[in-house]
1. Condition check: hydroxyl-bearing (Ser, Thr, Tyr), at pLDDT below 95 and within 17 Å of the chain's Cα centre (by Cα). Does Thr92 satisfy that?
2. Those residues that are free of Cβ contacts under 8 Å to residues at least 60 places away in the same chain, more than 15 Å from Phe12 (Cβ to Cβ) and within 16 Å of the chain's Cα centre (by Cα), I need them from the range 50-80; list them, please.
3. For the range 95-132: of the residues being over 24 Å from Ala166 (Cα atoms), more than 12 Å from the chain's Cα centre (by Cα) and of a type in the set (Ser, Thr, Tyr), which is modelled with the lowest pLDDT?
4. Starting from residues that are among the hydroxyl-bearing types (Ser, Thr, Tyr) and not in a loop (DSSP other than H, G, I, E, B), keep the ones in the range 131-169 and report whichever is nearest to Ile6 (Cα to Cα).
5. Of all residues in the range 93-114, count the ones that are in a loop (DSSP other than H, G, I, E, B) and in contact with a helix residue (DSSP H, G or I) (Cβ under 9 Å, 6 or more places away or on another chain).
6. Could you list, in sequence order, the residues of the range 144-169 that are touching a residue at least 40 places away in the same chain (Cβ under 8 Å), open to solvent by 70 Å² or more (accessible area, probe 1.4 Å) and farther than 21 Å from Gly62 by Cβ?
7. Residue pairs, Cβ under 7 Å, 6 or more apart or interchain, first in the range 121-143 and closer than 13 Å to Thr98 by Cβ, second among the hydroxyl-bearing types (Ser, Thr, Tyr) and surrounded by 15 or more Cβ atoms within 10 Å (Cβ to Cβ). List them.
Amino acid sequence: MTTALIVVESYFGNTRLIAEAVAGGLSEGGLDAQVIGLDQAPSALPADLDLLVLGAPTHNRGLPTAATRAKAREQAGTSESSRGIGEWLETTAIPDPTVVAAFDTVVSRGWLSGSAAKAITKALRRRQGRETPSVRSFVVTANKGPLAGGEEAGARAWGRELAAAANSR
């Protein structure tokens, strides 16, 4: 069976909701999908992993930084990991056959809002010479959410698209 791992960085739960919806779409498409928080992300990925999906909220037009993570944790009242997706990527090797996709949550779509997902793709290209064929943004109505209408359904549909692409390889 084709396997997928979704690693998500989330502070207010919105990015995690998108990850769960993507996992639902992947499962509907026949993939064995698992969602884990960044604090549970392994330092070594399994060699037989087919698809890795990385998700993070957009902070200051890019990936969360130590300062924005601390502020978000304080606002959310959580003790989520102090490292982010960017730092995790610096120390984690992704097996060669694994396809990587990235998503983010943003307050609005457009170049002014920036994109954590695009920052993930740049980091992957720079650090590991990898391309990310599928990148998506999902809208939250405010910094703390909730998700805009239809975004969970859109994430589930994207998961099915990713599953179809993985199954055709």
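The values are calculated or read from the model by the stated rules, or taken from the named source; none is laboratory data. None of the values given here were measured: they were computed from a predicted structure. So basically every Cβ, Gly included, is an ideal-geometry build from the backbone, and we count neighbours across all protein chains shown. Heads up: the accessible areas ignore ligands, DNA and RNA and are worked out on the full protein's heavy atoms, side chains in. Shrake-Rupley method; radii C 1.70, N 1.55, O 1.52, S 1.80 Å.
1. yes
2. Leu52, Arg61, Gly62, Thr65
3. Checked the range 95-132; the qualifying residue modelled with the lowest pLDDT is Ser113.
4. Filtering the range 131-169 for residues that are among the hydroxyl-bearing types (Ser, Thr, Tyr) and not in a loop (DSSP other than H, G, I, E, B), the one nearest to Ile6 (Cα to Cα) comes out as Ser134.
5. 1
6. Correct list: Pro146, Glu152, Arg156, Arg160, Glu161, Asn167, Arg169.
7. From residues that are closer than 13 Å to Thr98 by Cβ, the pairs are Leu124/Thr132; Thr132/Thr121.
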